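Asker: Provided herewith is a single structure, encoded as structure tokens, for subsequent inquiry.
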Amino acid sequence: ATQRIVNFTLERFGRIDILINNAGAGSPKPLHETDDELLDQFLGLMLRAPFRLARDAIVHMKAGSGIVNVTSTYAVIGGRRGGAYTAAKAGLNMLTEHIACDYGPQRIRANNVAPGVTMTDMVRHRFEDEMFKRVNVETTPYPRLSEVEDVANVIAFLCSPEAEMLNGQTIVVDGGWTKTKYMSPRALNSEWV
């Protein structure tokens, strides 16, 4: 499939300037609840597919091209119930650093964007779970969670000439969730049972 994508792109546009690997699946389980089928599903979608697509596309990229891999805050700090999801996304982080090192001398850049909880259809229903809401809303210092546009704007910047000197970096889009020990006044002043 990845070779078909590359061939189609070359036939239609004649070149490949940017590759954005953006795939994920929700509802990860703790390690002891993760069977081989779920492990293979997460690794296949979030590590093997981006690896193969980057491998097949990079041989057609010229100086000034770039790859952006969408990882996760779980790839930066881990987290409860992360299991195979965390392993796959963290592997993608390291793949990005490898690409940045090996292909940077050819002026082909690779960077990560690591979104926190972002209001998508995949996530929106999770806010019915009070614990999920507390863990994400009450511990994010910025007064709202990320929207798709917030992540897309960072990706667009990384694909632009203005980001030419960014290579091998991870930009976290989470309103400060991973870098602070913030708790909202509500969280600090309410009884937790």
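Asker: Run the reach check for Lys133 against lysines, Cα to Cα strictly under 19 Å, same-chain hits fewer than 8 apart removed. What comes back?
Answerer: Lys29, Lys179, Lys181
Asker: Where nothing but the Cβ of Lys and Arg (+1) and of Asp and Glu (-1) is charged, how large is the charge dipole of the range 64-123 around its Cα centre, in debye to the nearest 20?
Answerer: I would put it at about 100 debye.
Asker: Taking the chain as a Gaussian network, where each spring joins two C-alpha atoms under 10 Å apart, which residue of Arg144, Arg107, Arg12 fluctuates the most?
Answerer: The residue with the greatest mean-square fluctuation here is Arg12.
Asker: Further question: Please give me the summed charge of the neighbours of Gly176: other residues whose Cβ is under 14 Å from its Cβ, Lys and Arg +1, Asp and Glu -1.
Answerer: Cβ neighbours under 14 Å give a net charge of 0.
Asker: Separate question: So how far, in whole Å, is the C-alpha centre of the range 161-185 from the one of the range 129-160?
Answerer: 10 Å
Asker: Here's a follow-up. Ordering Met119, Met61 by accessible area with a probe of 1.4 Å, largest first, what comes out?
Answerer: Of Met119, Met61, the descending order of accessible area is Met119, Met61.
Asker: In the range 1-144, carbon and sulfur make up what percent of the accessible area (probe 1.4 Å)?
Answerer: 54 percent
Asker: In whole percent, what relative contact order does the range 1-105 give with Cα contacts below 8 Å and a gap of six or more residues?
Answerer: Computed value for the range 1-105: 36 percent relative contact order.
Asker: Excluding ligands, DNA and RNA, what is the solvent-accessible area per residue of the range 1-155 at a probe of 1.4 Å, expressed in Å²?
Answerer: That works out to 56 Å² for each residue.
Asker: Additional query: Give, as a single signed number, the net charge of other residues whose beta carbon lies under 13 Å from the beta carbon of Tyr142, with Lys and Arg counted +1 and Asp and Glu -1.
Answerer: So the surrounding residues net to -2.
Asker: A further question on this structure: Summing +1 for each Lys or Arg and -1 for each Asp or Glu, what net charge is found among the other residues whose Cβ lies under 15 Å from the Cβ of Leu188?
Answerer: +1
The values are calculated or read from the model by the stated rules, or taken from the named source; none is laboratory data. In this text the structure is predicted, and so the values were computed from the model without any measurement. Cβ coordinates were reconstructed from backbone atoms using ideal geometry, including for glycine residues, and neighbour counts include every protein chain displayed. Keep in mind that these areas ignore ligands, DNA and RNA; they rest on the heavy atoms of the full protein, side chains included. Shrake-Rupley method; radii C 1.70, N 1.55, O 1.52, S 1.80 Å.
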